[in-house]
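Notes for the one structure printed next.
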Amino acid sequence: MTMKNIQNTALFGIIATIVLVSFAQPNAFAEENKYTMVGDIAPVLTFTFRDGVETYTFPVFNMGENFVDNSGASFSVEGTVTKSPMLHKAMDEAYKYRLSNNAFDFHFKYFDVDADFVKDGKSILSLDYNNCRVDNYQVETLDSNDYESYFKEVGFAVVDKIDFVCSGVNSNNEFAMPSEKYTDYGESGFKFANDMKTTVTFNHDIGTEKIEFPVFNLVSAYEESSENVVAEFEVEGILEYYPLLYRAIENSRAISGTTYASNEDFDAVVEFTNGAETLRGFNFRDCIVSDAQIHTKTDKEEGFTGKSGFVLVNTVGIACSGIKPINNNYNALLGDAPSWKTPQLSNEYIEPLQNTDQGLDVFTTFTFADGTETIEFSMFKQSEVLTATVDSGDSTVTDKPSIPTIEFRGIVGDYPMLYHYLDNNRKIQSVAGSQMRDLVEIDVDIVSNGEVIRGFNYSSCRATDYSIQTDPNNEESYTKNKFALETILDFECQGYHANNPAYDAMFEFQKAKTTSSSELRQTHDWRTGFYVE
């Protein structure tokens, strides 16, 4: 199951091993299509009607609900319009009898659907949807939304978009206890900016699984709030079958909606590493699966025409009762200093990725109680400082104050002092305002060819949110094999001052290097013979 290399392979719509289910029906029908699927995995759907069986590969499959909630069973598919006699008949009858009483049972109203997610000719995961009906459908020509589709290298795609609602869904996978207590699924095969990647180690009572995910999002943990904040994160990757993780999904689903049943929780260790060391991480404890959904990433017509591809992914949300940050490099900065003594520390981090227009660099210096840290972030965003940000509640008040806010973004890097500050503030995140918080001074310098051309000083700042996120560009991050794991920081400050070094230099006058009379020696108190009278 480990993917050492991600390859885009041409997947044929009908897999022989899946079509075997149709042999028992005299009116079996199968259609073959060819699509480009990342990771060589695609959904193969078998429709069992009263009159026979049809099997199709729809490149786009999306669950309608959170699988863990067990609150409904619906899904939607998209695929190029093709010969589908019984499926199209079901769609046509759904329209014909759309105004009839719900109790009216027309011939093609109900059917079963088996969704097999196939890789290398084998089903790695299977979902059985029962008593399904067509809820809605449309036929649409997909294009690039501009003139490009009129040229052969781009093109159009005429597709069926079909929504289904079912009475229930069951996972048709028998849990098999792994032969080893610890399973490391290795590298995902994807490329990451600065080689910064995410690994999650799930520690269950019956075993451990270590998985590298291309997409990670810290959903909540550090935001400023008047209520308790749940430690929650989300991971996403190409659909694979991980026995212990899917067992946890099934456990959460089995007790969904109940208030008395207990769930079998687990711990999760998230590490952000560049291969050489772990620069940041989190220990999540007493976790459960809160969300699980299978869906397809695609971009309009591009997957159908071959310009891009389709990516079948599984998104899993994890909610935990606690979180303990990992910040190993801060202890290294402290060195052997005694715990009761607070040393003045300093650290500097230069962004390895240098691709800013005209070679500009933005350096941010944070002044903490225990020292200073200078960090080069790839992105810096200052709020509109002339726009009112405080609502007085009185429309007649026109001079509403403006509070400067800042956002920093960059690939997860080595800034242990900033991490230490954020971790300490998280302990009192439910306290309103800044009275109980450690405030920080922030100085931003925009540098061109070693010269500061613009600067900003922010005083009495506090962190209002901190997150680590991967924001994939739809299917392109998978098809182009490029991911970026970002640190996102939000600060709110009480004071602001802009620096304009070029303007200040215009009023700096150079003084002549001449000797002043005040600089001459005083000779009047010298003895006789040592001065001229």
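The values are calculated or read from the model by the stated rules, or taken from the named source; none is laboratory data. This one's a predicted model, so the numbers in the text were calculated from it and none came from an experiment. Virtual Cβ from ideal backbone geometry, glycine too; neighbours counted across all protein chains shown. Please note that ligands, DNA and RNA were not included when accessible areas were found on the heavy atoms of the full protein model with its side chains. Shrake-Rupley method; radii C 1.70, N 1.55, O 1.52, S 1.80 Å.
Of these, 487, 470, 405, which one is β-branched (Val, Ile, Thr) and open to solvent by 20 Å² or more (accessible area, probe 1.4 Å)?
Details: 487 fails: open to solvent by 20 Å² or more (accessible area, probe 1.4 Å); 470 fails: open to solvent by 20 Å² or more (accessible area, probe 1.4 Å).
One residue alone meets the criteria, 405.
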Q) Quick one: how many residues across region 420-450 are open to solvent by 60 Å² or more (accessible area, probe 1.4 Å) and at pLDDT 90 or above? A) 2
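The rows are residues; the columns are (1) basic (Lys, Arg); (2) without any contact (Cβ under 8 Å) to a residue 60 or more places away in the chain; (3) open to solvent by 50 Å² or more (accessible area, probe 1.4 Å).
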{"residue": "109", "(1), (2), (3)": "yes, yes, no"}
{"residue": "120", "(1), (2), (3)": "no, no, yes"}
{"residue": "125", "(1), (2), (3)": "no, no, no"}
{"residue": "134", "(1), (2), (3)": "no, yes, no"}
(Q) Taking the criterion of being more than 27 Å from residue 257 (Cα to Cα), within 37 Å of the chain's Cα centre (by Cα), modelled with pLDDT under 90 and not aliphatic (A, V, I, L, M), would at least one residue in region 93-115 satisfy it? (A) no
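Please enumerate the residues belonging to region 41-65 that are open to solvent by 30 Å² or more (accessible area, probe 1.4 Å) and not β-branched (Val, Ile, Thr).
We begin by selecting, within region 41-65, every residue open to solvent by 30 Å² or more (accessible area, probe 1.4 Å); these are 48, 50-51, 62, 64-65.
If the condition is that a residue be open to solvent by 30 Å² or more (accessible area, probe 1.4 Å) and not β-branched (Val, Ile, Thr), then 50, 51, 62, 64, 65 are the ones that fit.
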Q) When you scan region 272-284, how many residues do you find that are open to solvent by 40 Å² or more (accessible area, probe 1.4 Å) and modelled with pLDDT of 95 or more? A) 1
Q: Considering (1) in contact (Cβ under 8 Å) with a residue 12 or more places away in the chain; (2) open to solvent by 60 Å² or more (accessible area, probe 1.4 Å), say which one residue 78 fails and leave the rest.
A: (2)
(Q) With in contact with a Gly (Cβ under 9 Å, 6 or more places away or on another chain) and among the acidic types (Asp, Glu) as the only criterion, which of 128, 105 stands out? (A) 128
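Looking only at region 151-188, filter to residues that are more than 30 Å from residue 82 (Cα to Cα) and at pLDDT below 90; which one of those is least open to solvent (accessible area, probe 1.4 Å)?
Taking region 151-188 as the starting set, the residues that turn out to be more than 30 Å from residue 82 (Cα to Cα) are 173-188.
Among the residues that remain, those that are also at pLDDT below 90 are: 173-180.
On the way: 173: 50, 174: 170, 175: 86, 176: 64, 177: 95, 178: 33, 179: 115, 180: 119 Å².
Across region 151-188, the extreme among qualifying residues is 178.
Which one is least open to solvent (accessible area, probe 1.4 Å) among residues in region 451-467 that are charged (D, E, K, R) and farther than 30 Å from residue 423 by Cβ?
First pass over region 451-467, keeping only residues charged (D, E, K, R): 451, 454, 462, 465.
From what is left, the residues that are farther than 30 Å from residue 423 by Cβ are 451, 454.
Numbers: 451: 115, 454: 86 Å².
So, considering only residues that are charged (D, E, K, R) and farther than 30 Å from residue 423 by Cβ, the one least open to solvent (accessible area, probe 1.4 Å) is 454.
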Q) Can you pull out the residues in region 226-283 that are among the charged types (D, E, K, R) and in contact with a helix residue (DSSP H, G or I) (Cβ under 9 Å, 6 or more places away or on another chain)? A) 264, 265, 277, 280
Q: For region 346-361, state whether one or more residues are open to solvent by less than 70 Å² (accessible area, probe 1.4 Å), of a type in the set (Ser, Thr, Tyr), not in a loop (DSSP other than H, G, I, E, B) and not assigned by the TED database to the domain that holds residue 202.
A: yes
Q.
Suppose the filter is in contact with a strand residue (DSSP E or B) (Cβ under 8 Å, 6 or more places away or on another chain), surrounded by fewer than 20 Cβ atoms within 10 Å (Cβ to Cβ) and of a type in the set (D, E, K, R); does residue 291 pass it?
A. yes
(Q) So in region 106-137, with the set limited to residues that are of a type in the set (D, E, K, R) and touching a helix residue (DSSP H, G or I) at 6+ places or on another chain (Cβ under 9 Å), which one is farthest from residue 37 (Cα to Cα)? (A) 109
Q: Mind listing whichever residues of region 28-53 are at pLDDT 50 or above and either assigned to a loop (DSSP other than H, G, I, E, B) or among the basic types (Lys, Arg) (or both)?
A: 28, 32, 33, 34, 39, 40, 49, 50, 51, 52
Q. What's the number of the condition residue 492 fails, among (1) open to solvent by 70 Å² or more (accessible area, probe 1.4 Å); (2) of a type in the set (D, E, K, R); (3) modelled with pLDDT of 80 or more?
A. (1)
**Q.** Residues within region 362-376 that are crowded, with 19+ Cβ neighbours inside 10 Å and free of Cβ contacts under 8 Å to residues at least 60 places away in the same chain, tallied
**A.** 3
Q.
Being in contact with a Lys or Arg (Cβ under 9 Å, 6 or more places away or on another chain) and at pLDDT 85 or above: is that true of residue 467 here?
A. no
